[in-house]
1. Can you work out ³J(HN,Hα) from phi for every residue in segment 56-72, in order, using Karplus 6.51 cos²θ - 1.76 cosθ + 1.60 and θ = phi - 60°, giving whole Hz and x for Gly and Pro?
2. Output the peptides 81-90, 205-214 sorted from most to least packed, where packing is the average of other Cβ atoms within 10 Å over each peptide's residues.
3. Taking only DSSP H segments of four or more residues, each worth -39500 (n - 2.57), what value at 222 nm results for the chain once the sum is divided by all its residues, to the nearest 500 deg cm²/dmol?
4. Under 1.5 on a/c is rounded, so check that first for segment 58-110, then, if it is not, pick prolate when a/b is larger than b/c and oblate when it is not; a ≥ b ≥ c are the square roots of the alpha carbon gyration tensor eigenvalues.
5. Using label points projected 7 Å from each Cα along Cα→Cβ, tell me how many nm separate THR98 and GLU64, to one decimal.
6. Given R₀ = 35 Å, FRET efficiency for ASN205-ASP115 by Cβ-Cβ distance, to 0.05?
7. Can you pull the semi-axes for the chain, root of five times each eigenvalue of the Cα gyration tensor, sorted largest first, whole Å?
8. Just the accessible area for LYS19, please: 1.4 Å probe, Å², rounded to the nearest 10?
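The values are calculated or read from the model by the stated rules, or taken from the named source; none is laboratory data. Everything numeric here is computed off the predicted structure, so don't read it as measured data. No Cβ is skipped: glycine too gets one built from the backbone with ideal geometry, and neighbour counts run over all protein chains shown. Just so you know, the surface numbers come from the protein's heavy atoms only, side chains and all, with ligands and any DNA or RNA stripped out. Shrake-Rupley method; radii C 1.70, N 1.55, O 1.52, S 1.80 Å.
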Amino acid sequence: MKHLVILTGAGMSAESGLKTFRDMGGLWEEYDVTEVASPVAWENNRALVLRFYNERRKQLYEVEPNKGHLGLAELEKYFKVQIITQNVDDLHERAGSTNVLHLHGELKKVRSTLDPSLVYELEGWELKEGDLCEKGSQLRPHIVWFGESVPAIDEAVPIVQKADVFVIIGTSLNVYPAAGLLNYLPAEVPVYLIDPKPAFTSRPNVKVIEKGAGEGVRELKKIVTE
Ligand code: APR
């Protein structure tokens, strides 16, 4: 089976009702990223950071995977599918995708502030001040904040280098190193971009499907399985 590699961003989950970051009314319009998604914010205003992620985690229990997520899970019948996502939701997994690499962490997981190798599934949606790891230190969201390294990128690069087909869905390609993954794609690999307002990519002959994830994945499936 050919390798189908898919890079997804917040737009992938938009039709499930989760806000993107940089669209009109997106999360970064509502919050100053430096106040809720950075190590400095965690030091200076821990209650706000905890609330920001608790609100998003709570919402995750109220939404479902959309047709786009389900369509990608379907493609595992035709390809060896590897999803590389910037999203911290679990909608790809809940739709049935079995190979999902989270570049920016996972909302339903928390980790020790003393020992980052201690990662736990959070019971319920609320992480509170005073919730401690087994070594007695405060638990934090298992999310890559601005200014922090992206350890999963080392695992993502060889996956991209092995792609036979590459698909980009619902990302403005604004954030590195995620957006830089495109540079590791062999020149001959066909690239599809699914986005109602497609981000600019300097790569030649990208096939743009100017649609939302649900419709776009349906169209993609017709193209790549014919
Ligand atoms: N279907 C597909 N794409 C959509 C849809 C939809 N229904 N609605 C919006 N989009 C597209 C937008 O046009 C935009 O190109 O999704 C993209 C969302 O871009 P961003 O909001 O910038 O989200 P993303 O690219 O995932 O951000 C990357 O930035 O803030 C950090 O860590 C955060 O992982 C995030 C990273």
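1. Running phi through 6.51 cos²θ - 1.76 cosθ + 1.60 with θ = phi - 60° gives 6, 5, 4, 4, 4, 7, 9, 10, 10, x, 9, 4, x, 4, 5, x, 5 Hz.
2. Values: 81-90: 23.7, 205-214: 16.4.
Answer by packing, highest mean first, reads 81-90, 205-214.
3. Working: 8 runs with 64 residues, N = 226.
So the calculated ellipticity at 222 nm is -7500 deg cm²/dmol.
4. Values: a/c = 2.81, a/b = 1.43, b/c = 1.96.
Verdict is oblate for segment 58-110.
5. 2.4
6. On the way: r = 46 Å, r/R0 = 1.33.
Efficiency at R0 = 35 Å is approximately 0.15.
7. Numbers: eigenvalues 191, 62, 58 Å².
That gives 31, 18, 17 Å for the three semi-axes.
8. 100
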